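The values are calculated or read from the model by the stated rules, or taken from the named source; none is laboratory data. No experiment lies behind these values; they were computed from the predicted model shown. A quick note on method: Cβ atoms are made from the backbone with ideal geometry, for glycine too, and the neighbour counts reach across all protein chains shown. These accessible areas exclude ligands, DNA and RNA; they are computed on the full protein's heavy atoms, side chains included. Shrake-Rupley method; radii C 1.70, N 1.55, O 1.52, S 1.80 Å.
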Amino acid sequence: MLAPTAAVAELITAIEPWDDREKAHIAQTLTWLASTDDIHRRIPPATPSPHLVVYTVLVDPGAESIFLGRHLKSGLDLPMGGHVDPGEHPLTAARREAREELNLTADFDVVGAAPFFLTVTPVLLPAPHTDITLWHVIRGDRATPYPLDPGEFSSGRWHPFTPVPDSDPHLPRFLAKLTHALTNRSRA
């Protein structure tokens, strides 16, 4: 296992799974990482499959809100994010995506800089493939406007910490895990 792959495996091993599904996704991802070093998308849209993706999830913890953008290609309301470039560390990718898509310097003080959640998602369009997504949480403020990259998103808005129709299928589980973490943090 090459150093970049080993670094990703170390990050994933440190994620505390929220439920049996995340536990299975972590196990599946660690098995995949042990079998290859070809983990970054090299040829858009789908080669290799699976490949690494990051979400940089903008939240306002005090307002219990998440900012999602209407993604042009998928038509879904999604967190900001994108593919991890070859040789790029996932945290570097999360910082880059925050800068590119939200025009901000990411503040990872909500739950820490490490990936908070991991998902394995089959994607059908524009070509069938699987995304292994590391979800990073960054701090936002509902009162601050966030200009989204018009090449990626048609619009964006804040949503309460409740399921959002037409979004990532794993978003409800992510929000449950985040709400639990924030509740426990405020009790500490």
field: Fraction of accessible area attributable to carbon and sulfur, region 92-133 (%, probe 1.4 Å)
entry: 58 percent
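Rounded to a whole number, what is D in µm²/s for region 27-100 from Stokes-Einstein with the Kirkwood radius over alpha-carbon pairs (37 °C, 0.692 mPa s)?
Numbers: Rh = 13.8 Å.
Diffusion coefficient, whole number: 238 µm²/s.
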task: For residue 58, list long-range residues whose amide hydrogen, built 1.01 Å from N in the peptide plane, is under 5 Å from its own amide hydrogen.
output: 67, 80, 138
message: Calculate the FRET efficiency for residue 89 and residue 24 from the Cβ-Cβ distance with a Förster distance of 22 Å, rounded to the nearest 0.05.
response: 0.30
- request: Take every DSSP beta bridge whose two residues both sit in the chain, then give the antiparallel share in percent to the nearest 5.
  value: 70 percent
- prompt: Across all directions of projection, what mean area in square nanometres is found for the Cα convex hull of region 1-52?
  reply: 3.7 nm²
message: As a test of the formula, what do you get for the chain when each DSSP H run with n ≥ 4 contributes -39,500 (n - 2.57) and the sum is divided by the residue count, at 222 nm and rounded to the nearest 500 deg cm²/dmol?
response: -10000 deg cm²/dmol
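Ignoring ligands, DNA and RNA, what percent of the accessible area of region 1-81 is carbon or sulfur (1.4 Å)?
On the way: 2090 of 3820 Å².
The computed percentage sits at 55.
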- request: Please give the per residue accessible area of the chain, computed with a probe of 1.4 Å over protein heavy atoms only, in Å².
  value: 48 Å²
